[in-house]
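Peer 1: Okay, handing you the structure first.
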Amino acid sequence: MTPENLIQEYLSALEKSDINKIFQLFKEDAIVVSPLYGEIKASSFYPELFEDTLASKITLKDIYYSSSVKNRIAAHFVYDWKMRNKSYVEFECMDVFELDKHSEKIERLTIIYDARQTRDEFDNLKKNNITMP
């Protein structure tokens, strides 16, 4: 699988909240660094993110390659996120993927965006601990 295909599959699975597909793309011990959730194992991050999500839409803008690290690639996209409490936020995001050199699976994902616009809605979601039936 090419890095572009991996990113496209990842973004598609993220948009659909497809946990099985997400886990196929990550190493078992992979780490996600998120402005809202902190540094956390992918195996914990995605179940929590998907529990917090009613719907999402992702619009890919571009894919970038590192000039210094062969196995590092980034995706620039717009993320439209409807949280389970029905709050809605839209923001531009850059996800930096570090791929395992042997398996070509995601070893580390760093999510970069200005969380100022999402922090209040996210904090309200977590404070009220709203769950869907």
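The values are calculated or read from the model by the stated rules, or taken from the named source; none is laboratory data. All figures in this text were calculated on a predicted structure; none of them were measured in a lab. Heads up, the Cβs are rebuilt from the backbone with ideal geometry, glycines too, and the neighbour counts pull from every protein chain shown.
Peer 1: Exactly one condition in (1) within 21 Å of Ile22 (Cα to Cα); (2) in contact with an Asp or Glu (Cβ under 6 Å, 6 or more places away or on another chain) is false for Ser87; which is it?
Peer 2: (1)
Peer 1: Please work out if Ser103 is under 19 Å from Tyr10 (Cα atoms) and not in a strand (DSSP E or B). Spell out the reasoning first.
Peer 2: Values: under 19 Å from Tyr10 (Cα atoms): yes; not in a strand (DSSP E or B): yes.
Yes; evaluated as a whole, the condition is true for this residue.
Peer 1: Something else now. Looking at (1) under 13 Å from the mean Cα position of the chain (by Cα); (2) within 18 Å of Met1 (Cβ to Cβ), which is the only condition Ile112 fails?
Peer 2: (2)
Peer 1: Counting just the residues of segment 46-86 that are in a loop (DSSP other than H, G, I, E, B) and out of contact with any helix residue (DSSP H, G or I) (no Cβ under 8 Å at 6 or more places or on another chain), which one comes out surrounded by the fewest Cβ atoms within 10 Å (Cβ to Cβ)? Break it down into steps so the answer makes sense when it comes.
Peer 2: Here is the first cut: in segment 46-86, the ones in a loop (DSSP other than H, G, I, E, B) are 52, 66-71, 84-86.
Filter again for out of contact with any helix residue (DSSP H, G or I) (no Cβ under 8 Å at 6 or more places or on another chain), leaving 66-71, 86.
Working: Ser66: 13, Ser67: 7, Ser68: 5, Val69: 10, Lys70: 11, Asn71: 15, Lys86: 11.
The selected residue is Ser68.
Peer 1: What number of residues within segment 17-45 are surrounded by fewer than 14 Cβ atoms within 10 Å (Cβ to Cβ) and either outside any helix (DSSP H, G or I) or touching a Cys at 6+ places or on another chain (Cβ under 9 Å) (or both)?
Peer 2: Restricting attention to segment 17-45, the residues satisfying the condition of being surrounded by fewer than 14 Cβ atoms within 10 Å (Cβ to Cβ) are 20, 24, 28-29, 38-39, 41, 44.
Filter once more, so that each one left must be either outside any helix (DSSP H, G or I) or touching a Cys at 6+ places or on another chain (Cβ under 9 Å) (or both): 28-29, 38-39, 41.
Of the residues in segment 17-45, 5 are surrounded by fewer than 14 Cβ atoms within 10 Å (Cβ to Cβ) and either outside any helix (DSSP H, G or I) or touching a Cys at 6+ places or on another chain (Cβ under 9 Å) (or both).
Peer 1: Please indicate, with yes or no, whether at least one residue in segment 70-82 is farther than 22 Å from Asp18 by Cβ, touching a His at 6+ places or on another chain (Cβ under 8 Å) and among the charged types (D, E, K, R). Even if it seems obvious, please write down each step before you answer.
Peer 2: Just the residues of segment 70-82 that are farther than 22 Å from Asp18 by Cβ, to begin with: 70-72.
From the residues that got through so far, the ones that are touching a His at 6+ places or on another chain (Cβ under 8 Å) too are none.
No.
Peer 1: Report every pair of residues separated by at least 6 positions or lying on different chains whose Cβ atoms are under 7 Å apart, first residue within segment 84-109 and within 17 Å of Glu48 (Cβ to Cβ) and touching a residue at least 12 places away in the same chain (Cβ under 8 Å), second part of a loop (DSSP other than H, G, I, E, B) and among the hydrophobic types (A, V, I, L, M, F, W, C).
Peer 2: Short answer, once both residue conditions are applied: Arg84/Ile130; Arg84/Met132; Asn85/Ile130.
Peer 1: List every residue pair whose Cβ atoms lie under 6 Å apart, where the two residues are 6 or more positions apart in sequence or sit on different chains, the first residue falls within segment 25-40 and is within 17 Å of Glu51 (Cα to Cα), and the second residue, located anywhere, is buried (at least 17 other Cβ atoms within 10 Å of the Cβ) and modelled with pLDDT under 95.
Peer 2: So the pair list comes out as Leu36/Phe122.
Peer 1: Give the residue, chosen from Phe45, Phe97, that is modelled with pLDDT of 95 or more and within 21 Å of Gln117 (Cβ to Cβ). Spell out how you get there, then give the answer.
Peer 2: Details: Phe97 fails: within 21 Å of Gln117 (Cβ to Cβ).
The match here is Phe45.
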